[in-house]
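The block underneath contains the structure these notes are about, expressed in structure tokens.
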Amino acid sequence: MRPLDEKETTVVFEKLFKFVGNNLKNIVENPSHEGPDSTPGRYCFRLHKNKIYYSSESIVKRATNVSRSNLVSVGTCIGKYTHAGNFHLTVQALSLLASNAKHKVWLKPQSEMGFLYGNHVLKSAIGRITENIAPGDGVVVFSMSDVPLGFGVAAKSTQDCRKLDPNAIVVLHQADLGEYLRMEDDL
Amino acid sequence: MGKKQKQKQKIVLPPDLPPEIPDDEVEVSDEDLQFVKENRGYASLLSTLDTQSITKHVTRVADAKEDALEKLYEERSRKSALKKEKEEPGLQVDRVDALPIKTLDGKLHYRTATKKEEPENGPGEEETGEDGDADKGLFKLTKAEKRAKLKKLRKEEKKQGKDVAKVEVQETPQAAVLAEVKAELTAEEAFESKKRKLAELGDALLTDPESNIKFLKEMLQISKDSDPIIVKLGLLSLLAVFKDIVPGYRIRLPTEKELEMKVSKTVRKMRYYESTLLSVYKGYLQRLMALEKKPLFQHVAVRCICALLDANPHFNFRESLLDATVRNISSINEAIRKVCCSTVKSLFTNEGKHGGEATVEAVRLIADHVKAHNCQMHPDSVEVFLSLSFYEDLGKSEKADEDQKNKYKKNKKRKNSEASNQLLENDRKKSRKELISKTREEVEADYKAASFTPDVTEQRQMQSETLSAVFETYFRILKHTMQSIAARPEANSGALSAPVESHPLLAPCLKGLGKFAHLIDLDFMGDLMNHLKILASGSSNPGSPTEKCPKCLSVSERLQCCIVAFKVMRNNLDALNVDLQDFSVHLYNLIVEYRPGRDQGEVLAEALKIMLCDDKQHDMQKTAAFIKRLATLSLCFGSPESMAALVTVKNLLQKNVKCRSLLENDIGGGSVAGTIPRYLPYSTDPNLSGALASVLWELNLLSKHYHPAISTMASGISSMAVANNQLLLSKSSPQQAFKDLSLELELSFPQSSSLKLNNKRRKTNVSATSPSIGSTAVTSSFDEDELRRKLGSHFTILHDIKENERLRSELDMTAQSLQLYEQYKKQKKQRSKPRSKLSAVAK
């Protein structure tokens, strides 16, 4: 387990910035109440075995007592490095993204299932969408009752969505809650 | 002898004094003597007084008015003529015949016995002249008209009779004074006669415009008089006449070719009528345009222009009328502006009169006007757009038509193909078919021309043109406001005394955008939203909303921006529900900046209604944040505002069951609180405020509010958590609640002074909701200043009075003490005196 170096930090932050925009500041600066310490500490990012963890400092401090081979996880895993060296956000980052999301899409109840099976979000599935989404922005997907379901990348801007064919893809799937079942072993 | 010569003489300045012929030189005949004897008194008066008065007049030439002078000269010449007549031997004056006759062109003809040809000549000429006129007029006088004319002539004769009578009366000893009086009288009389003439002409025109059309010219001539009142009267009477006689079609003057052709009498008559009407109309308009620039006549001219435009928007020269109207639409003079605005509005609403062309032109002109004035105009000038109306079904019906046409075409094609498959049976049949189709087309064209149904495509085109002009104006205003805002911070850094550029047109512009939101093209939507967002954020760089620039838009204006954005989005749903996150953030921050006295509660209530109550879905966090903030601020708002806020809170809580955890006494919010464990009241983003972790303790305080309605509402909300889910949905909107309470407030506490002050403010607010946000904001701030000043002066006065009282009481005290001391002294003396007396006695 080690802190991220310069390059890794920029990669991770760029990825997060796509989803949360200026709220990235909140993610970094939020006081943490996790851990046994009475005074609230900060959150920090750690790299361990190709995975990036988001954890409070007090827990990280205590995790140093565990040997590297025995440590499975610390805090919340938010993403991992692929074999090709790219960084991907994983579904565990969802709650972090959802609470700070800038661009949101709400799905109609009948099409929630389709998304949770790992499909893209179609125009017909959208119950609601925030304005000013540009293609390429990170989008967090919610159910109509405000439960975060997953996230993805916008394929079309909000303006384009209006005239779009009902079967066209609006959000490209990246991660969804269904992965907890489908890819239990990988996570 | 030649009276005309005498009249000519009067033009020459300075005029000759009447020849002073020494008495010796005059040859006195017997007849003369006899005449003089008979009329001694008369003649003597003349000879004695005339010279005096004349010399007086001559000496007074320098300071007398020209009109008066002229009259005096005229009199003098007349008098001298009389005198000569009396002195000349051969002249026999018939008293009755001596009355001069004034012809229509204003020349005076004197009938005398010696010149027997003249009296015959004069009337003869007159008659011939009239006949010529009549010939020119290409019509014969009708009986009624002849009668009217005769009457008029008689009247004029009578008038002249009076004139002469006056002349005679005036020849009394006090001639000098009377001359002046007479000058005044004649002026008045001229005024009266002109007035009468106007009335007569107008009346004649109205009774029979076709035959009396040439009177128009006379009326126009009168309206060019030097007397401003006559001019005004002339303009107005011409207006009345034109309003009545202008035909319901556009007059097209015949071309030269057409003029050469031989036409029937009626057609020629008609042409004459139309051309005269048109030329006079043109002259009248030119006169109006010229007078419109003079401040004295501006109001009348503008009124005439507007009335003409209102009455005949289809007629010739509409362009110049429109131009003048639009030019005055943002006039400083309120009356003129009102007239112009109402005219333009009626143009917009009664499109049937002119088929929509005038609308397009007017809108275009206003747009150009706004551009030329760089958006610095009165808000009324853009507010007229609100009365425009657009028909949406025009496009649909047209599409349907097209579809049908396509169908027909297909059918035809099929038929054609079938026909081509078959061999041509015979040519005759084909030609007959062609003939039938041809006649059918002709009939259709005729029907179309006759039925007056407006062409759909044409109308559509006009509408789209109008729309584009309107939106061009609106976007220009928005952009201008943006630029002025963007320029401010720089100006601030440079010099604080930068000229404050106001944006008076923003309020009506936003109103109009709200109204026509459903017509905005989707392509503009993105830009529009961006503009509105920046305006709503109130600063040029949306990244730092906390940065305060002093001359930003007012809170009301920014709220209005948010409302418009929501309206635009709602009206352009197209089955896509867009969440306007940024605008909600702005609203969240604007609620804090709201001040009950300064800003308009109406706007806040509308914003709450449109942005919070009408929106169906909300994030839980956002809703909770709004609930918390509204509850907190309703503690410090005035009662109407807090009522509106509470109604909104109730509405939100009813719709979002999860947010009712706010009503439970559980700090931390439990599992729903999300990642933010503590309520951050100063957060600028409702999504990050962590309001779910808080408790609505404000309701408890509010249930002890002095206003019964608010306290019941608050306790009703706090009991919501316990009650079952199927609460009755409250029908009242925040706007309604606000209105009710503010009315109640106005009605209820008229006595208590503090509330009175509050009331006053509210009254100004309520009464001024419609015109413009900027102005009210200005007035309210002005009010505050004034109030402060007044209160200050009041306090100083009070202070002075107190001081005075204090000093006076001190004075009284000292005076009293002095008095006491004196009394004491006296007593002492008295006491000592008896003692001394006693001692004396003792001694």
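The values are calculated or read from the model by the stated rules, or taken from the named source; none is laboratory data. Predicted, not measured: the structure shown is a model, and the values here were computed from it. Here Cβ is always computed from backbone atoms with ideal geometry, including for glycine, and neighbour counts include all displayed protein chains. Quick note on the areas: whole protein, heavy atoms, side chains included, nothing else; ligands and nucleic acids left out. Shrake-Rupley method; radii C 1.70, N 1.55, O 1.52, S 1.80 Å.
Before moving on, here are some points about what is shown:
- Segment B:662-697, subset assigned to a helix (DSSP H, G or I) and modelled with pLDDT under 75, residue farthest from the other protein chains (Cβ to nearest Cβ): B:670
- Any chance residue B:473 is within 30 Å of residue B:532 (Cα to Cα), at pLDDT 75 or above and hydroxyl-bearing (Ser, Thr, Tyr): yes
- Just one of (1) open to solvent by 30 Å² or more (accessible area, probe 1.4 Å); (2) under 23 Å from residue A:126 (Cα atoms); (3) away from chain B (no Cβ under 14 Å) fails for residue A:88. It is (2).
- Filter result for the condition that a residue is more than 17 Å from residue A:16 (Cα to Cα), more than 11 Å from chain B (Cβ to nearest Cβ) and touching a residue at least 12 places away in the same chain (Cβ under 8 Å), over A:184, A:179, A:131: A:179
Here's the yes/no breakdown for (1) closer than 19 Å to residue A:52 by Cβ; (2) charged (D, E, K, R):
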| residue | (1), (2) |
| --- | --- |
| A:83 | yes, no |
| A:86 | yes, no |
| A:93 | yes, no |
| A:100 | yes, no |
| A:116 | no, no |
| A:150 | yes, no |
| A:162 | no, yes |
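- Residue that is open to solvent by less than 50 Å² (accessible area, probe 1.4 Å) and basic (Lys, Arg), where the choices are B:287, B:271: B:287
- When residue B:532 is tested against the conditions (1) modelled with pLDDT of 65 or more; (2) farther than 22 Å from residue B:371 by Cβ; (3) within 14 Å of chain A (Cβ to nearest Cβ), the lone failure is (2).
- Scan of segment B:519-529 for residues that are more than 8 Å from chain A (Cβ to nearest Cβ), part of a helix (DSSP H, G or I) and of a type outside the set (Asp, Glu), ordered by number: B:519, B:524, B:528
- Of the helices (runs of 4 or more DSSP H) lying entirely inside segment B:212-270, those containing at least 3 residues that are over 22 Å from residue B:302 (Cβ atoms) span B:215-222, B:256-260.
- Taking the numbered list (1) open to solvent by less than 10 Å² (accessible area, probe 1.4 Å); (2) more than 14 Å from chain B (Cβ to nearest Cβ); (3) touching a Gly at 6+ places or on another chain (Cβ under 8 Å); (4) farther than 30 Å from residue A:166 by Cβ in turn, residue A:56 passes all entries but (2).
- Any hit, segment A:29-36, residues being open to solvent by less than 80 Å² (accessible area, probe 1.4 Å), within 20 Å of the chain's Cα centre (by Cα), at pLDDT 85 or above and under 26 Å from residue B:620 (Cα atoms): no
- Given (1) under 21 Å from residue B:314 (Cα atoms); (2) part of a helix (DSSP H, G or I), index of the condition residue B:188 fails: (1)
- Residue in segment B:612-628 that is surrounded by the fewest Cβ atoms within 10 Å (Cβ to Cβ), counting only those that are more than 14 Å from every other protein chain (Cβ to nearest Cβ) and modelled with pLDDT under 85: B:614
- Out of B:607, B:631, sole residue that is more than 18 Å from residue B:683 (Cβ to Cβ), modelled with pLDDT of 80 or more, open to solvent by less than 10 Å² (accessible area, probe 1.4 Å) and in a helix (DSSP H, G or I): B:607
- At least 1 residues being more than 30 Å from residue B:528 (Cα to Cα) and either of a type outside the set (Phe, Trp, Tyr) or open to solvent by less than 20 Å² (accessible area, probe 1.4 Å) (or both) is the threshold, and among the strands (runs of 3 or more DSSP E) wholly inside segment A:104-181 those reaching it are A:148-154, A:169-176.
- Residue count, segment A:34-60 (criterion: under 13 Å from residue A:2 (Cβ atoms) and not polar (S, T, N, Q)): 10
- Qualifying residue in segment A:65-72 (condition: closer than 24 Å to residue A:101 by Cβ, open to solvent by 20 Å² or more (accessible area, probe 1.4 Å) and either within 14 Å of chain B (Cβ to nearest Cβ) or not aliphatic (A, V, I, L, M) (or both)): no
- Subset of segment A:14-41 [within 14 Å of another protein chain (Cβ to nearest Cβ) and farther than 15 Å from residue A:95 by Cβ]: A:21, A:22, A:24, A:25, A:28, A:29, A:31, A:33, A:35, A:40, A:41
- Condition met for residue B:452 (buried (at least 17 other Cβ atoms within 10 Å of the Cβ) and either on the phi > 0 side of the Ramachandran plot or modelled with pLDDT of 65 or more (or both)): no
- Residue A:22 polar (S, T, N, Q), surrounded by 15 or more Cβ atoms within 10 Å (Cβ to Cβ) and within 19 Å of residue A:101 (Cβ to Cβ): no
- Among the candidates B:345, B:338, B:371, the residue that is part of a helix (DSSP H, G or I), open to solvent by 10 Å² or more (accessible area, probe 1.4 Å) and either among the β-branched types (Val, Ile, Thr) or more than 20 Å from residue B:473 (Cα to Cα) (or both) is uniquely B:338.
- If the condition is being within 14 Å of chain B (Cβ to nearest Cβ), farther than 20 Å from residue B:584 by Cβ and of a type in the set (Asp, Glu), then segment A:134-176 contributes A:160, A:165.
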